[in-house]
Amino acid sequence: MTELILFVLFGVGALAGAIMMVASRNPVYSALGLIGTMFSIAVLYVVNGAHFVAAVQIVVYAGAVMTLFLFVIMLIGVDQPEDTTEQLPIQRPAALALGAILLIGFVVVIAAGTLAGSDDGTVVGTVEAIADELFTNWLLPFEVTTLLLVIASVGAIVLAQFKLRDRK
Amino acid sequence: MDFLDVLIIIVKVVVAFVFLLINTLLLIWAERKVVAWMQNRVGPTRAGPAGVLQGLADGIKLFFKEHITPRNVEFNVYILAPVLSLLPALLIFTVIPMGPSFAIGERTVSFQVTDLNVGLLFIIAMSSTAVYAVVLAGWSSGSKYPLLGGVRATAQAISYEAAMGLALVPAIVYAGTLSLSELVAHQSGRFAGLLPNWHIIVLAPSFILFFIAAVAETNRAPFDLVEAESELVGGFHTEYSGIRFALFFLAEYINIFSMSALAVTVFLGGFNGPALFEVGTFPASLVGVVWFLVKTYAVVFLFFWIRATLPRLRYDQLMELGWKRLIPATLAWLGVFSIVLGFVRFGAPWA
């Protein structure tokens, strides 16, 4: 019962945040909507017993959206709403097509019934349980993901170095 | 989960909330007294004995003041920001264990609102959301100085959050848990038969690095560039008045207390100390709470001491200290500590 109430409350919250993010004219409100969605999803994780995932979700996305804020304030300006002329005419049909593919995917998965969550909300979401799984059954995918992140951060540093050299 | 369990949780939440509010009033008075003492002044003396009610008087004054709302503010966000600053401050405190648990009948009640398995991560998550309030307040005020304060806050928070999180990792590696009550339990007993078994003995560099990052994370002097009076008028809260300003003030002091409590829990043995009474009874728990509070106020005193002693850093110095000194130092210490601990626990790999 508690799970249902929380699911309805924060499911609606997540949707409202997502709509706010897409619909608002002011980019700061968009970022706010995004945070709202992230937090609502974190609560849904907690309801399902996955505390670790919820905490990581907030740590990672809170930081990420924070950077987004900085970009908004620094690049777009404080009080001007976003420029609404379309720079990429192809992006609207492309977005529609990709959205349609996503929708079909959802329908297929739900119809196949493989999307069942835990029945009683008793996923063992402790750090120990997750570490056990990650470092035994899923070691290779985990390490490959790590490599991906290392490549990204090395790339960022290299780009910054190029810029420094150009200035000199 | 029956009626009594729910009642216990409600009582805990209310007690923690009331404690934090009263504690803040005392902290404001204590800070003014300590700083005055260090600067050869007397500090507040008028309200109550030795001015102890000064915080209450200021609070009542702020409560009854007119709310001034400047014309250029983005109203919804402007109203939301003070509330957002208070929420994470209160939530951080819910996972901190204040004393050993005791038994009422068949139930065991702990002096902690909730014991999360991911307690430390929860605290890091909450302290990273706390900065939203500052940025949103700065942006929504629609004025230059708050905006500059807000932008500074973002950069500072992103830089020092990483250092703070990394400084805590050796403690997690050493104790093998993220739960704060288990961290405290890991520090009970004696170290080498003589000293208390606190993490600070093994992890002294971590404590120092964490404390520096925590001062920066709570925007206290010498890292208070977010509200540097001589440059930014009041920084992010320039356009706030009355109770809205009071909420920011409240959040700042609760954050200082929570960060000190976290330092005590992770490095200084938490509520461990001579029990004096039979373990598991209510008096023994109260003694534990006293030990916890004594240690926490000692760390809070460090915050005040630093504020009275050090001048504010320049902005480029702040960034350089964060990125070029603190983060490499935490990473190097983490590497060294992990390797040494690996040798001690598992022996040399070639043996």
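The values are calculated or read from the model by the stated rules, or taken from the named source; none is laboratory data. Everything numeric here is computed off the predicted structure, so don't read it as measured data. FYI the Cβ positions are ideal-geometry reconstructions off the backbone, even for glycines, and counts take in every protein chain you see.
What to note about this one:
- Segment B:303-337 - residue that is in contact with a helix residue (DSSP H, G or I) (Cβ under 8 Å, 6 or more places away or on another chain) and surrounded by fewer than 14 Cβ atoms within 10 Å (Cβ to Cβ) and, of those, modelled with the highest pLDDT: B:Trp305
- The condition of being of a type in the set (Phe, Trp, Tyr), touching a residue at least 60 places away in the same chain (Cβ under 8 Å) and crowded, with 22+ Cβ neighbours inside 10 Å holds for B:Phe271.
- Output for segment B:1-46, where each listed residue is assigned to a helix (DSSP H, G or I) and of a type in the set (Lys, Arg): B:Lys12, B:Arg32, B:Lys33
- Those residues of segment B:198-222 which are modelled with pLDDT under 80 and either assigned to a helix (DSSP H, G or I) or hydrophobic (A, V, I, L, M, F, W, C) (or both), in sequence order: B:Ala221
- Segment A:10-25, subset among the aliphatic types (A, V, I, L, M) and in contact with a Gly (Cβ under 6 Å, 6 or more places away or on another chain), residue farthest from the other protein chains (Cβ to nearest Cβ): A:Met21
- Within segment B:110-145, considering residues that are away from chain A (no Cβ under 11 Å) and more than 19 Å from the chain's Cα centre (by Cα), the one surrounded by the most Cβ atoms within 10 Å (Cβ to Cβ): B:Ala137
- Just so you know, in segment A:26-52 the residues that are among the polar types (S, T, N, Q) and not in a helix (DSSP H, G or I) include one that is farthest from the other protein chains (Cβ to nearest Cβ), and it is A:Asn48.
- Filter result for B:Ile60 (at pLDDT 85 or above and in contact with a Lys or Arg (Cβ under 9 Å, 6 or more places away or on another chain)): no
- Considered as a group, the residues in segment B:154-197 that are within 12 Å of chain A (Cβ to nearest Cβ), crowded, with 17+ Cβ neighbours inside 10 Å and not in a helix (DSSP H, G or I) include one that is farthest from the chain's Cα centre (by Cα), and that residue is B:Thr177.
- Residue identified as in contact with a Ser or Thr (Cβ under 8 Å, 6 or more places away or on another chain), modelled with pLDDT of 85 or more and surrounded by fewer than 17 Cβ atoms within 10 Å (Cβ to Cβ) among B:Val13, B:Val95: B:Val13
- Lone qualifier among B:Glu278, B:Glu320, B:Glu239 - being touching a residue at least 60 places away in the same chain (Cβ under 8 Å) and not polar (S, T, N, Q): B:Glu239
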